[in-house]
Amino acid sequence: MSEPRSPLPAVDLARTVVFAAFIAVLGIFPGIYVGGSSVPIVIQNAGPLLAGSILGARRGAASVVLFLGLVAIGLPLLSGGRGGIASFSVPSSGFLIGWVLSALVAGLIVSRARRVGLPVLLLANAAGLVADYLIGIPFLGVYIGDLPAAALQSLIFVPGDAVKVVAASLIAAVVHRALPDLSARPATRTG
Amino acid sequence: MLGGWYEPGSSPLHRTPAGWKLLALLGLAAVVFVLRSPGWLGGICAAVVLGYALARISPRSCLRVARTLGVLVAFMFALQWWLLGLDAAVLVCLRIVAALTAANLFTITTRVDDVVSAVERGLRPLRRFGVRPDRLGLLVGLTLQSVTVLSKIAAEVREAAKARGAQRSVIAFAVPFLIRTLRHADELGEALAARGEGDR
């Protein structure tokens, strides 16, 4: 935290790596109880949104790519101990690949904002979620050979994902307030 | 904890270089997506299952693959049958069986280190665009190390939240966890900078 203006490439590298690990730990760690619900919900897919809205577009997307790369080479890092290249060959794989675009879109919106508060974060994370669906639904459509049916089937994820967007935004807002130089860093630096 | 699904062996499938297996897998995935004939897809499924026999995959691993597959196929079959009809449901399920069992066969017969070096070699032509394939191993190692550190942090943070009676609050867990995660990143960044990583 000593040089907020011009972070070294090593700092970039470290944040990317550590956030990839963060997404992994969200999956390894048992679910979280939200509100009064008694069933733990899987929180790993909030990871890419947090990566984008906290690290910014470039590093956020890079950390998601790194995480997915580790999954692809065979490490069981997805929630429920899943992993391996098979994770990219099932009908829902598009939503996994879409995480990269999620982080990118969320990060871009946050870095454009003059002041990073809850409204901006809600917008960024909602847009990130939509970006994920933009990849996930056509992928499912190709898989089952019917795009409208794919869109219809994806509706069941919307309520849970909406909760995660709100949770990720609340969390990112507190983190941005706790570490104000986070939002000063991305996009503004040169070289 | 992070050993993956790899199972040592000396079968032809184990001995095939990881890069070739990866290319074959990508080719198979493309074919499976394009094919619309249940007969051909069924044939591919049978060939992949023969691959498991050829590689002498242990019953334990076979059972694990079958369990993952069973749940997914049952769910998708019911859903697609209801929405798209029987023919489409059969087609989708054959695709899932072929793609998923082949991909798992790759993961079971290929060591993670071999995949990493195969990808490193494959990315070498991208060096002129500033990609540094030789850093891949470092990235993988650093990330896995961070997973261990962060799991410990997550456990501590959760204990602390429980002690305050806040075990049901997402914020009480996620915010301290994230802040300590970022602090760990800064420490790692300083350590890497001290080693001269990232300045080259």
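The values are calculated or read from the model by the stated rules, or taken from the named source; none is laboratory data. Please read these numbers as outputs of a predicted model, since none were measured by experiment. FYI the Cβ positions are ideal-geometry reconstructions off the backbone, even for glycines, and counts take in every protein chain you see. Just the protein is used for accessible areas: all its heavy atoms, side chains included, with ligands, DNA and RNA removed. Shrake-Rupley method; radii C 1.70, N 1.55, O 1.52, S 1.80 Å.
For beta carbons closer than 7 Å, sequence separation of 6+ or different chains, a first residue in the range A:139-162 that is within 7 Å of chain B (Cβ to nearest Cβ) and a second that is not in a helix (DSSP H, G or I), the qualifying pairs are A:Y143/A:P91; A:I144/A:P91.
Evaluating B:V131 against the criteria (1) free of Cβ contacts under 8 Å to residues at least 24 places away in the same chain; (2) touching a Leu at 6+ places or on another chain (Cβ under 7 Å); (3) facing another protein chain (nearest Cβ under 7 Å) leaves one unmet condition, (3).
Would you mind finding the one in B:L41, B:L63 that is surrounded by 17 or more Cβ atoms within 10 Å (Cβ to Cβ) and among the aliphatic types (A, V, I, L, M)?
Working: B:L63 fails: surrounded by 17 or more Cβ atoms within 10 Å (Cβ to Cβ).
Unique residue meeting the criteria: B:L41.
Examine the range B:115-125 for a residue that is open to solvent by 40 Å² or more (accessible area, probe 1.4 Å) and within 8 Å of chain A (Cβ to nearest Cβ), and state whether such a residue exists. Scanning the range B:115-125, I find at least one residue that is open to solvent by 40 Å² or more (accessible area, probe 1.4 Å) and within 8 Å of chain A (Cβ to nearest Cβ), so the answer is yes.
From the residues in the range B:157-167 that are open to solvent by 40 Å² or more (accessible area, probe 1.4 Å) and assigned to a helix (DSSP H, G or I), which one is farthest from A:A46 (Cα to Cα)?
Taking the range B:157-167 and keeping what is open to solvent by 40 Å² or more (accessible area, probe 1.4 Å), we get B:158-160, B:162-165, B:167.
Then keep just the ones that are assigned to a helix (DSSP H, G or I); that gives B:158-160, B:162-163.
Numbers: B:R158: 18, B:E159: 22, B:A160: 22, B:K162: 22, B:A163: 25 Å.
Filtering first and then ranking leaves B:A163.
Inspect the range B:78-85 for any residue being within 11 Å of another protein chain (Cβ to nearest Cβ), open to solvent by less than 10 Å² (accessible area, probe 1.4 Å) and in contact with a Ser or Thr (Cβ under 7 Å, 6 or more places away or on another chain) and give the result as yes or no. Checking the range B:78-85: not a single residue is within 11 Å of another protein chain (Cβ to nearest Cβ), open to solvent by less than 10 Å² (accessible area, probe 1.4 Å) and in contact with a Ser or Thr (Cβ under 7 Å, 6 or more places away or on another chain).
What are the residues in the range B:44-60 that are of a type in the set (A, V, I, L, M) and open to solvent by less than 40 Å² (accessible area, probe 1.4 Å), if any? B:I44, B:V48, B:A55, B:I57, listed by residue number.
Is it the case, given these coordinates, that B:L94 is closer than 20 Å to A:S89 by Cβ and part of a helix (DSSP H, G or I)? Considered against the rule, which asks whether it is closer than 20 Å to A:S89 by Cβ and part of a helix (DSSP H, G or I), B:L94 comes out as yes.
Screening B:V147, B:V170 for residues that are at the interface with another protein chain (Cβ under 9 Å from one of its Cβ atoms) and under 14 Å from A:I43 (Cβ atoms) leaves exactly one candidate, B:V170. Being modelled with pLDDT of 90 or more and basic (K, R), is that true of even one residue in the range B:31-38? No, the conditions are met nowhere in the range B:31-38. Among the residues of the range A:16-48, those identified as outside any loop (DSSP other than H, G, I, E, B), at pLDDT 80 or above and hydrophobic (A, V, I, L, M, F, W, C) are A:V17, A:V18, A:F19, A:A20, A:A21, A:F22, A:I23, A:A24, A:V25, A:L26, A:A46.
Only one residue in B:A185, B:A99, B:A154 is open to solvent by less than 20 Å² (accessible area, probe 1.4 Å), facing another protein chain (nearest Cβ under 7 Å), among the small types (G, A, S) and over 23 Å from A:I23 (Cβ atoms), so which one is that? So the residue among B:A185, B:A99, B:A154 that is open to solvent by less than 20 Å² (accessible area, probe 1.4 Å), facing another protein chain (nearest Cβ under 7 Å), among the small types (G, A, S) and over 23 Å from A:I23 (Cβ atoms) is B:A99.
Considering only residues of the range B:188-200 that are at pLDDT 80 or above and open to solvent by 40 Å² or more (accessible area, probe 1.4 Å), which is farthest from the chain's Cα centre (by Cα)? Applying the filter and picking the extreme gives B:A194. Filtered by the rule that a residue be closer than 13 Å to B:A103 by Cβ, among the β-branched types (V, I, T) and assigned to a helix (DSSP H, G or I), the range A:64-96 gives A:V71, A:I85.
Okay, residues lined up against (1) open to solvent by less than 10 Å² (accessible area, probe 1.4 Å); (2) within 11 Å of chain B (Cβ to nearest Cβ); (3) in contact with a His (Cβ under 7 Å, 6 or more places away or on another chain):
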residue	(1), (2), (3)
A:L55	yes, yes, no
A:R58	no, no, no
A:L66	no, yes, no
A:L77	yes, yes, no
A:S102	yes, no, no
A:G107	yes, no, no
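Applying the selection to the range A:79-100, what residues are open to solvent by less than 10 Å² (accessible area, probe 1.4 Å) and either over 18 Å from the mean Cα position of the chain (by Cα) or among the hydrophobic types (A, V, I, L, M, F, W, C) (or both)? Correct list: A:G84, A:A86, A:P91.
Yes or no: A:A124 open to solvent by less than 50 Å² (accessible area, probe 1.4 Å) and away from every other protein chain (no Cβ under 13 Å)?
Working: open to solvent by less than 50 Å² (accessible area, probe 1.4 Å): yes; away from every other protein chain (no Cβ under 13 Å): yes.
Criteria met by A:A124.
Hey, can you tell me all the residues within the range A:164-191 that are at pLDDT 90 or above and open to solvent by 20 Å² or more (accessible area, probe 1.4 Å)? Break it down into steps so the answer makes sense when it comes.
As a first pass, look at the range A:164-191 and keep what is at pLDDT 90 or above: A:164-177.
Result: A:K164, A:V166, A:A167, A:L170, A:V174, A:R177.
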